[in-house]
1. Can you give the FRET efficiency for VAL132 and SER153, using 1/(1 + (r/R0)^6), R0 = 35 Å, r = Cβ-Cβ distance, to the nearest 0.05?
2. Would you mind calculating the gained length between GLU164 and ASN55 on full extension (0.36 nm times residue separation, minus the Cα-Cα distance), in nm to one decimal?
3. Applying 1/(1 + (r/R0)^6) with R0 = 35 Å to the Cβ-Cβ distance of GLU141 and SER63, what FRET efficiency is obtained, to the nearest 0.05?
4. What does the extension gain come out to for LEU114 and LEU74, with contour length at 0.36 nm per residue minus their alpha carbon separation?
5. Provide LYS101, LYS72 ordered by accessible surface of protein heavy atoms (probe 1.4 Å), highest first.
6. Once fully extended, how much extra length lies between ASP86 and ILE178, figured as 0.36 nm per residue of separation less the alpha-carbon to alpha-carbon distance?
7. Taking the Cα centre as origin and putting +1 on Lys and Arg beta-carbons and -1 on Asp and Glu beta-carbons, what dipole magnitude results for region 104-184, to the nearest 20 debye?
8. Can you give the local net charge around LYS72? Use residues other than it whose beta-carbon is closer than 15 angstrom to its beta-carbon, Lys and Arg +1, Asp and Glu -1.
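The values are calculated or read from the model by the stated rules, or taken from the named source; none is laboratory data. As the structure is a prediction and not an experimental result, all values here were calculated from the model. Because the Cβ atoms are built from the backbone with ideal geometry, glycine has one as well, and the counts that use them run over all protein chains shown. When the accessible area is computed, the model is the full protein with side chains, heavy atoms only, and any ligands, DNA or RNA have been set aside. Shrake-Rupley method; radii C 1.70, N 1.55, O 1.52, S 1.80 Å.
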Amino acid sequence: FGVKLGFPNLLGGNVEYLTPLLDSKVSVNGDFSRIKSKWFGLEDTESGESTDNFNYSFLDLGSNYYFFKPGKGLYSGLSYSLIKFDGQLSTFSNDPDGFEKDGIEYYKVTNNSLNIKVGARLGGLFYFRPEVGYSFNPIPENVNSEIIYDDGSRETSTYNLNEEEYLKALTSGFTFNIGLGFAF
């Protein structure tokens, strides 16, 4: 059992079971992350409530093969992941007459992918686990959103994640994480 920090899992749990297959060098594993904005106490200062919220969930199921020792050392893995990110943001816009319009922007991203990875589980009862990999279906470059204004009008926006240098890594397919855990 362990905890992983990285991308695309962000922060979550890890469970791995070492099977008796191939001299106990094959394991099955799962990673799960779930993050909600309400956990961070986001609040609108005027009304005490916020219309801004987001939900992120990540599920990864797969198998690892340990090259040298059962459950220890260098391994490679194959997995399938499901990512879901949705939310809403308070927004405003200027209409053609120059007046501000309040509204809410809704967005939703889902992505499923086959992944390969290589890592190392180091230690014994307590372990450290660095891991890197590649997602064959990376997060899309463009994220669409729909804005619904208080007056009932609607607008669609598209954000290109590659426009910002620091977001390009999200759409490259590269994955990484560091794990800490307890093995028995």
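1. Computed FRET efficiency for VAL132 and SER153 comes out at 0.15.
2. 37.0 nm
3. 0.75
4. Contour length minus the Cα-Cα distance gives 12.3 nm.
5. LYS72, LYS101
6. So the extension gain works out to 30.6 nm.
7. 780 debye
8. In short, +1.
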